[in-house]
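Engineer: The structure that follows is given in the form of structure tokens.
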Amino acid sequence: MTESPTGQLRAYRALLRLFPRRFSVRHAEAMERLFLDMCRDRTARRGRLGVAFWVRIGWDTIAHATVEWLLLIRRSSNSKTGYGWGDRMSSFLTDVRYTVRSVIRQPTYGVLVVLMMALAIAGNAAVFRVFNGLFLRPLPFEDAERLVDLDERAPRWDLEYTGMAYPDFVTWRRENRSFEEMGVFTTRGASLASDGPAEYVEVVQASHDVSAVLGFEPALGRFFTADEDRPEGPLVALLAHGFWEQRFGGDRDVVGRSVVLNSRSFEIIGVLPPEASFVGDAAAWIPLQAEDDAGGWWLDGVGRLKRGVTLGQAEDDLLAIHKGVIPDRPVNEITAPVVSLVRDRYLGEYRLGSWMLLAAVGIVLLIACANIAGLMLARSLAREREIGIRVAMGAGRGRLIRQLLTESVLLAGVGAALGTGLGVFGSETLVARMSEQFPRWVSFELDWRFVAFSLAATVGAAVVFGLAPALQSSRVAPGQALQASASRSTGAFHKRRSMNLLVAGEVAMALTLLIVAGLGMRDLIQLQRLDPGFQTERILTYSIGLPSVRYDGEESLHAFRETHLEGVRGIPAVTAATAASSLPLSGHWGWFFEVEGAPPRGEDDPNPVVLNRVVSPGYFETMGVSIASGRGFDDFDGREAGTMAAVVNETFVRQFIGAGEEAVGRRIRSGEDSDWLTIVGVARDVKHYGVDEDMRPGVYQTTTQFPLSRFQVAVRTSGDPHTVTGAVRELIRRADPELSIFAVQSMSERMEESLWTRRASVWLLAIFAGVALTLAVAGLYGVISYSVGQRTSEISIRMALGARREQVLRQVVRQGMLLVAAGVVVGLLASLATARVVSGVLVGISATDPLVYGGVTLLLLAVAALANFVRARRAARLEPMEALRKE
């Protein structure tokens, strides 16, 4: 800032423009003289004005200008109405000051209200943050409501989703009338070679339409063309935005360079935008380059609907096209298109659980509101004299209600601010873990929806717990309020009845929530106790992918796998090692099998997809899978003609051969052109998809008759399985420097991960149920305390006339337990009514499990009885004469 007086004055005059014009005309000259005097004094003492001087001048000017504008608005408003904005603001500030003084006089009351509100809002804020991220935030794409997932279903195969077949996609894309664009993609692993050790990365193979469907443009370069998306087309790639920044340092000259994936060189033609992570957390995208007659159902589909087209219309359009090619593609008689919103397809299974959590925290909030309302009702009795005086002095009922609601809103606001902060802080760990479980486009960042929900919950709660007490308290007649307390028994009775209803409702809601949480907890315990059919302790798992450029024959694939397993078995602390196409809790190969001599199926008979797994000899021993009959594989199975072997699971025997029938020695095959496989053993069922998923029929084949270019390895160790990871990596590096292992996890970690979402939901429910129980019992204790306080004189007289303390104790306990009993009855009925909803997320137990209902009810009764007994014991210890003197 210039130090010349002219420059100083010019800057100050600019600040004076913040004042209303009328004020500036009257006082600007005097203020300028005062400013110049301040400048001279400051310069004389400091030598210069400095930044601090101008900050203070600016702050003072802005503050005073704000006050002048408010006064101007107040005068203008009051000139038009008898009771202007300024008067209303003054009245509100008076209410605020009165509330603060009132709370200071009784700090315990204020602290209790704030703490209960904070607990309730914290849970609501945390759960809504998750719900908002999953189901409310829009997808990061233009016109995201027209973006749909494309898939196929096959009820006869017992498959809700099969994936898309490329021939079906080609037909749908060519003949549909409902979509602007549609595309397909799949994700696979690749080994990326560089100057250092080889690195495993995810790579998306996508059709050239995908960018148009998602509506994004590359950050650099261009997307694939139709000519590049054809068999034997040019090898080109786009780098993912994050990978480009990490590996290439955001170099904009990367276009035109090459990247080596699975020993093949791809020309970099562009860099994807960040929103391309919708498809997956991949390092690069390459063209799909699929044959028109490519077999199998292995693709993910995405489409953009034309404006005005509904999901039903689009699905009907594709269904007509799909069935129209049955003469050329008979399998379409069994499969059918599925069109669904992207959010529903990826997150639909979590919707019920999320709503249950929202309902749980809603119940906690209602119980907290009921408790606070009870506190306010009890407090209002002590304020009847005060309120009566205000009424006698002319205060209207509306004025009293506004004063009491102001108190509710202020206390709710303080509690909500504290609770929102606790909810955000407490949910950080939860959302960080959930971000790893869900697609990358799911974001749990705070937004205006979160703020709006928090405000709505706060205001709603303040009205809920503040309105009824305010209405009731405002009915006080001046004469009645100024009489002695004995003459106010009618008003006390009405308040007591209201509080009794609130407490009974709290108990009912708490019991309902406790039963739901108890069902979830017992279900989780049952699942954790369930034998998955395989060993989970001390087993390390990882994956290996062999590029076809260098491993192009059965002999090379078999040689690498056997050499690698032999090397792993030689590592100290390794007791066994095996390979498989897919280990438990990962992967799925769906095949169809027929049993030799079985009667032919009818057209409408189900033909469930069979889980097919290719395993190396020793798999069952390494994984701890028991053989029910027959044997596992040996080194001679599948090596020569006539020795093709299979092991089936128990579910396969029941569904394809018949329970009680001998399966060993029977033959099966996967198609008319396939070889017959002789069943050499029956393995116990394995929960391949997770302990909370249905069992499927399964067939095992041996790696000697089915070579694998990509496989998983299971290593049994004598100690911590992760201690051998470094030795395994060194084995791979020595065998082939361009390879790397990936998806390294222990089997215990896989099991924990498979149940993480269910476990987190159950524990959250349990926490909310515990809070609900605590609040309900606190409310019960408060009501009994209030009742005893109102009846102190009566109890004292009875005791003075000879009533024993045991009689008083029983009477007080009976009064409280009657309230609890009423709440328990309503709560049990409500729990039974919600059983059908709850059954949708339970696997191991019934939604009407008597053990849970009985145990939770007894728990609540025991805790309530204890609270009643503690307060009743204090009442029974009253000294009659001392209590009467106080009255």
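The values are calculated or read from the model by the stated rules, or taken from the named source; none is laboratory data. Quick caveat, the model's predicted, so the values are computed rather than measured. Cβ: placed from backbone, ideal geometry, glycine included. Neighbour counts: every protein chain shown. Each accessible area value is taken on the protein alone, full model and side chains, heavy atoms only, with ligands, DNA and RNA left out. Shrake-Rupley method; radii C 1.70, N 1.55, O 1.52, S 1.80 Å.
Engineer: Quick check on segment 220-311: what are the equivalent-ellipsoid semi-axes from the Cα gyration tensor, as sqrt(5λ), descending, whole Å?
Structural biologist: Values for segment 220-311, descending: 25, 19, 12 Å.
Engineer: Report the GluC sites (Glu not before Pro) located in segment 195-275 that are in a DSSP loop and have at most 13 other Cβ atoms inside 10 Å of their Cβ, or state none.
Structural biologist: Passing sites in segment 195-275 are E232.
Engineer: Quick check: residue separation of R153 and H722 times 0.36 nm, minus the Cα distance between them. What number comes out in nm?
Structural biologist: So the extension gain works out to 200.9 nm.
Engineer: Right, here's the next one. Rounded to the nearest 10 Å², what accessible area does V25 show when all protein chains are kept and the probe is 1.4 Å?
Structural biologist: 110
Engineer: Something else now. How long is the gain from D635 to T834 if the chain were fully straight, where each residue apart is worth 0.36 nm and the alpha carbon distance is subtracted?
Structural biologist: Extending this stretch completely gives an extra 66.1 nm.
Engineer: So how do 360-373, 747-760 stack up, highest first, on mean other-Cβ count within 10 Å?
Structural biologist: My ranking of the peptides, most packed first, is 360-373, 747-760.
Engineer: Using a basic spin-label model with each label point 7 Å from the Cα along Cα→Cβ, how many nm lie between S340 and F248?
Structural biologist: Result: 3.7 nm between the two label points.
Engineer: Using only C-alpha positions, report the orientation-averaged shadow area of the convex hull of segment 720-781, nm², one decimal.
Structural biologist: 6.4
Engineer: While we're looking at this one, here's another question. Using modelled backbone amide H atoms (1.01 Å from N, in-plane), which distant-in-sequence or interchain residues come within less than 5 Å of A683's amide H?
Structural biologist: A628, V648, N649, E650
Engineer: Mind checking the full-extension length gain between A320 and A659? Use 0.36 nm per residue of separation minus the Cα-Cα distance, one decimal, nm.
Structural biologist: Numbers: separation 339, 0.36 × 339 = 122.04 nm, distance 4.06 nm.
Result for the pair: 118.0 nm of gain on full extension.
Engineer: From Cα coordinates alone, what are the radius of gyration and Dmax values for segment 284-349 in angstrom?
Structural biologist: According to the Cα coordinates of segment 284-349, Rg and Dmax are 14.2, 39 Å.
Engineer: Would any residue of segment 156-197 have its amide N under 16 Å from a label point 7 Å out along Cα→Cβ of S556? List them or say none.
Structural biologist: Label zone hits: 191.
Engineer: What accessible surface, in Å², does a 1.4 Å probe find on F869, ignoring ligands, DNA and RNA and rounding to the nearest 10?
Structural biologist: Roughly 90 Å² of F869 is accessible to a 1.4 Å probe.
Engineer: Which sequence of S498, S178, S258 reflects their accessible areas, 1.4 Å probe, from the largest down?
Structural biologist: S258, S498, S178
Engineer: Once Rh for segment 146-207 is found with the Kirkwood sum over Cα pairs, what is the Stokes-Einstein diffusion coefficient at 10 °C and 1.306 mPa s, in µm²/s?
Structural biologist: Using the Kirkwood radius from Cα pairs, D works out to 109 µm²/s.
Engineer: Let me ask something else about it. For segment 531-573, list log₁₀ I(q)/I(0) at each q in 0.34 Å⁻¹, using the Debye formula over Cα point scatterers of equal strength and ignoring solvent, two decimals each.
Structural biologist: The Debye formula, applied to the Cα set alone, gives -1.20.
Engineer: What accessible area, in Å² to the nearest ten, does a 1.4 Å probe give for L731?
Structural biologist: Number for this one is 40 Å².
Engineer: Here is a follow-up. Where the centroid of each part is defined by its Cα atoms, how far is segment 732-748 from segment 157-197 in Å?
Structural biologist: Cα centroid to Cα centroid, the span is 27 Å.
Engineer: Now for a different question. Using each residue's phi in segment 637-653, evaluate 6.51 cos²θ - 1.76 cosθ + 1.60 at θ = phi - 60° and report the 3J(HN,Hα) Karplus result to the nearest Hz, with x for Gly and Pro.
Structural biologist: Here the 3J(HN,Hα) series is 5, x, 7, 10, 4, x, 10, 5, 10, 8, 10, 10, 9, 5, 5, 4, 4 Hz.
Engineer: Give me, ordered by chain and number, the residues 5 or more places off Y200 or on other chains with an amide H under 5 Å from its own placed amide H.
Structural biologist: Amide H neighbours of Y200, under 5 Å, 5+ apart: L192.
Engineer: Follow-up. Determine one quarter of the surface area of the Cα convex hull of segment 562-608, which equals its mean projected area, and express it in nm² to one decimal.
Structural biologist: If you wrap the Cα atoms of segment 562-608 in a convex hull and average its projections, you get 6.1 nm².
Engineer: May I ask you to derive the FRET efficiency for A432 and D41 from their Cβ-Cβ distance with R0 = 45 Å, giving the value to the nearest 0.05?
Structural biologist: Computed FRET efficiency for A432 and D41: 0.20.
Engineer: How about segment 187-263: which trypsin sites (Lys or Arg not before Pro) there lie in a loop by DSSP and see at most 12 other Cβ atoms within 10 Å?
Structural biologist: R257
Engineer: Which order do Y200, Y12 take by accessible area at a 1.4 Å probe, largest first?
Structural biologist: Per-residue accessible area, sorted high to low, gives Y200, Y12.
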